[in-house]
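Notes follow once the structure below has been shown.
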Amino acid sequence: MENNKITVLREQLERFLEQLDQLKPEETSVEDVDKLIELIEKIEKNLDKN
């Protein structure tokens, strides 16, 4: 169970980092940043409930 939790967390963080790497500062909107924040909050919620 704990291994699965770590695997899921790792996958979510990898997706987050991929999205972060694709952002271009000059083209990034507030909405883009909000989406990234929402993703982090979702990861936190998933960790808390397990």
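What follows is calculated from the coordinates using simple rules that are stated; it is not laboratory data. Only a predicted model underlies this, so the values are computations on that prediction, with no experimental measurement involved.
Would you mind getting the Kirkwood hydrodynamic radius of the stretch 2-49 from its Cα pairs, rounded to one decimal in Å?
Taking every pair of different Cα atoms in the stretch 2-49, averaging 1/r and inverting gives 11.6 Å.
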Nearest 10 degrees, 0 to 90: what angle lies between the long axis of helix 2-22 and the longest principal axis of the chain (Cα atoms)? 10
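Find how much the distance from GLN22 to LEU9 grows on full extension, using 0.36 nm per residue of separation minus their present alpha carbon separation; answer in nm with one decimal.
On the way: separation 13, 0.36 × 13 = 4.68 nm, distance 2.01 nm.
Length difference between fully extended and current span is 2.7 nm.
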Cα long-axis angle, helix 30-49 against the chain (0 to 90 degrees, to the nearest 10): 10
